[in-house]
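Worksheet for the structure shown next.
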Amino acid sequence: MDLHLVTYFVAVVDHGGITKAAQSLYISQPSLSQAIRTLEKRLGVTLFDRTGRRLELTEAGRKLDDAARRILADVERAKQKVDAVRELQAGRVDVVTYAAFSIDPLVDVVRLFRERFPSLAVRVLAADGPAGVLSALRSGAAEIGVIDSSAEHATFSAIPMTEQELVVAAPDALAAGLPDTVSRSAIRSVPLVIDHSDQHTATLFADLIDDAARNVVVDCPLPAAIWNLVERGTAATVVPRIVADKQLAGVRQLALDPPLTRPWGLVLRSGLLSPAALAFISAARAHSGLSPEPTETRDW
């Protein structure tokens, strides 16, 4: 049954006849009469008693009247929900990332997103490194991935953002004798707790790791556990400076020479993005000091 036939039927009922209903619908009387006959033919019933001057509903017509009004009400509610999403009054964006970006930049981007779009929600999924992010996008579990922009991203559209500055956060006892800016090679003698399961991150930290000396003393994928181990003096770690400032304020920060940075960006699920996803991209760009327009993507 076509929705317009349902609309026409209800209009005829409400106006008590074809003439006034046709006027309200801005269509001709013959067209409306033909539409009602088409509806009756499709349903295999007579909907109106046409013996009097005013059209009266048959028993079948009364049953359809109840159902038709429910259909039109449901359609209107659906339209309102769609409009609310389009106007950013409702909706959710699903974002996937991994431990390296779970605090910086994700927390500040989500905070900015919620400040700008308080009616929108965010669901954050955890992945095992860049490959896990791409897998979640490929399966449709998420619309946007936060990822190291130097990692292989296959054929996904990408939006480069900015860089993290990475520093060594070390307990005083382990940092004793080290300058505030330290060579990468000097860190090879410092016990480290890092997430070694992410091969891309492990490669990035290669200059800081001495396999022979085994200075990676704890391999841990849980940021909160890593911070706790550092605060308790077990080992040092390598984190974005923002994370060190906020989560490890009681330990020394050692800048690296040469500086160690990690670029990050967004990768996007194939197809048309939801309004909530576009709003998230806009917030991420604003966080990175970029123009708010989320329309331009390129391959890395």
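Taking all protein chains in place and a 1.4 Å probe, what share, in percent, of the accessible surface of region 168-298 do carbon and sulfur account for?
53
Once both labels are modelled 7 Å past Cα along the beta-carbon direction, what's the His4-Val107 spacing in nm?
Distance between label points: 5.6 nm.
Under 5 Å between amide H atoms, partner at least 5 residues away or on a different chain: which partners does Asp94 have, H built in plane at 1.01 Å?
Under 5 Å from the amide H of Asp94: Arg123, Glu143, Ile144.
In terms of modelled amide H atoms, which long-range or inter-chain residues lie less than 5 Å from the amide H of Thr58?
Answer set, sorted by chain and number: Phe48, Asp49.
For region 165-261, what does the accessible surface come to per residue with a 1.4 Å probe? Please give it in Å².
With all protein chains present, region 165-261 gives 48 Å² per residue.
Heavy atoms only, probe 1.4 Å: what % of the accessible area of region 1-132 goes to carbon and sulfur, would you let me know? Provide the component values of the computation, followed by the final result.
Numbers: 4010 of 7770 Å².
Taking all protein chains in place, region 1-132 shows 52 percent carbon and sulfur surface.
Work out the FRET efficiency for Leu290 and Leu125 from their Cβ-Cβ distance, taking R0 = 30 Å, and round it to the nearest 0.05.
FRET efficiency, Leu290 to Leu125: 0.80.
Give the calculated FRET efficiency between Asp172 and Ala202 to the nearest 0.05, with a Förster radius of 45 Å applied to their Cβ-Cβ distance. Present the calculation step by step, with values, prior to reporting the outcome.
Working: r = 27 Å, r/R0 = 0.60.
So the FRET efficiency works out to roughly 0.95.
Out of the trypsin sites (Lys or Arg not before Pro) in region 230-267, which ones are loop residues according to DSSP with at most 15 other C-beta atoms within 10 Å?
Counting only loop positions with at most 15 other Cβ atoms within 10 Å, the trypsin sites (Lys or Arg not before Pro) in region 230-267 are Arg232.
Taking the simple approach of a point 7 Å from Cα along Cα-to-Cβ for both Tyr26 and Asp210, what is their distance in nm?
Here the modelled spin labels are 8.1 nm apart.
Work from the charge dipole of the chain (Cβ charges, +1 for Lys and Arg, -1 for Asp and Glu, about the Cα centre) and give the residue of Ala78, Gly271, Leu222 farthest towards its positive end.
Of Ala78, Gly271, Leu222, it is Ala78.
Please report the relative contact order for the chain, taking Cα pairs under 8 Å with a sequence separation of at least 6, and give it as a percent rounded to a whole number.
About 21 percent, as a whole number.
Sort 260-269, 12-21, 37-46 by packing, meaning the average of other beta carbons within 10 Å per residue, with the highest value first.
Packing proxy ranking, top to bottom: 260-269, 12-21, 37-46.
Name the long-range amide H neighbours of Asp257: under 5 Å, sequence gap of 5 or more, or other chain; modelled H, no Pro or chain starts.
Those qualifying (amide H under 5 Å, at least 5 residues apart or on another chain) are Val182, Ser183, Arg184.
Ignoring ligands, DNA and RNA, what accessible area per residue does region 82-161 give at 1.4 Å, in Å²?
44
Assuming R0 = 35 Å, can you tell me the calculated FRET efficiency for the pair Thr234 and Ser150, based on Cβ-Cβ distance, to the nearest 0.05?
Between Thr234 and Ser150 the formula returns 0.70.
Using a Gaussian network model on the chain with a 10 Å cutoff between Cα atoms, which of Ile27, Ile187, Ile209 fluctuates the most?
Looking only at Ile27, Ile187, Ile209, the biggest GNM fluctuation is shown by Ile27.
To the nearest 10 Å², what's Val122's accessible area with a 1.4 Å probe?
Surface accessible to solvent at Val122 totals approximately 40 Å².
The values are calculated or read from the model by the stated rules, or taken from the named source; none is laboratory data. Computed from a predicted model, the values in this text were never measured in an experiment. Glycine also receives a Cβ, built like all others from the backbone with ideal geometry; neighbour counts cover every protein chain displayed. Each accessible area value is taken on the protein alone, full model and side chains, heavy atoms only, with ligands, DNA and RNA left out. Shrake-Rupley method; radii C 1.70, N 1.55, O 1.52, S 1.80 Å.
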